[in-house]
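Working notes for the structure below.
None of the figures in this text is laboratory data; all of them are computed from the coordinates on show. This is a predicted model, so every value here is computed, not measured. For neighbour counting, all protein chains shown are included, and Cβ atoms are generated from backbone atoms with ideal geometry for every residue, glycine included.
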Amino acid sequence: MKNNNNKPIVELSDIKKIFICDEVETHALSNINLKINKGEYLSISGPSGCGKSTLLSLLGLLDISSNGSYRLSGHDVCDLNSDERAIIRNKEIGFIFQSFNLISDLTVAENIELPLSYREDINKKQRDAMVKASLTKVDMLHRANHFPSQLSGGQQQRIAVARAICGNPSIILADEPTGNLDSKNAQLVMALLDQLHSEGATICMVTHDPRSAARAQRVIEIFDGKIVSDQSHIKTSAIAV
Ligand code: ADP
């Protein structure tokens, strides 16, 4: 399956996010309009404090905007309560974090299975098959019964990628996925994201690393809470990370 078929997964319109802390207002995001089509691979960059994490939190339904509308896979997700958001988040979104966020006293297989175990539409047999398939995809099936502490950082991030893709989410949100990795492991994780994208995954990655950003086909720059640049280009997968 190849890339963009112009079906929007994400539609943000006029999004604002204002934090109020000790009566001080911070306008973290203003007038964000963003459409992400199925099969797109985009990166979001910008200086520290410009609003990247805030945007990723809104996209991932971890937070709600102060204004504006958000349609995810064609459904308005603005007025959901936190339980409803959690159900949709679990089904529609795969997260990859800088610090892997694996649970240390669960095995690799249990870590990957955990988000699936909250889904009523998937039984145990299906869960086992999905865990096995995602571990095979990241070439880590032989580590299914290990604990995270027995793995290198690069291997842990590959497990986190397996967890993110296991439930067939509509979009993968990656927050500085190579930020805690040496260059060799960073290269492996970026190659894995390239592979997922070539197989049809929709990926939105926050990164401050221009070499990682260049792997995406669409590069978005944020400054002071606003999108100041949104450019599509031919992906340069040969660039070393
Ligand atoms: P980035 O990820 O680009 O570094 P953030 O999205 O974390 O930027 O932050 C954007 C702005 O919003 C910053 O000024 C930050 O201090 C502020 N901010 C982020 N989260 C909160 C919060 N929970 N409470 C108050 N201000 C916040």
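Annotations for the structure displayed:
- GluC sites (Glu not before Pro), loop per DSSP, at most 16 other Cβ atoms within 10 Å - longest free stretch of the chain: 24-119
- Annotation: average projected area of the range 7-62 is 4.4 square nanometres, based on the convex hull of Cα atoms across all directions.
- Debye-sum result for the range 167-235 in log10 I(q)/I(0), which assumes one identical scatterer on each alpha carbon, at q = 0.13, 0.14, 0.25 Å⁻¹: -0.38, -0.44, -1.27
- Gain on full extension, evaluated as 0.36 nm per residue between Ser198 and Ser232 minus their Cα-Cα distance, stands at 10.6 nm.
- Between Ile88 and Phe223, the contour length at 0.36 nm per residue exceeds the Cα-Cα span by 45.7 nm.
- The range 1-104: trypsin sites (Lys or Arg not before Pro) falling in loop per DSSP and having at most 13 other Cβ within 10 Å: Lys2
- Separation of alpha-carbon centers, the range 65-138 and the range 162-241, rounded to whole Å: 19
- Estimated dipole of the chain in Debye, rounded to 20 [Cβ of Lys and Arg +1, of Asp and Glu -1, Cα centre]: 960
- Value of Rg/Rh across the range 77-190 [Cα atoms, Kirkwood radius]: 0.98
- The local environment of Phe147, defined by Cβ-Cβ distances under 11 Å, has a net charge of -1 under the rule Lys, Arg +1 and Asp, Glu -1.
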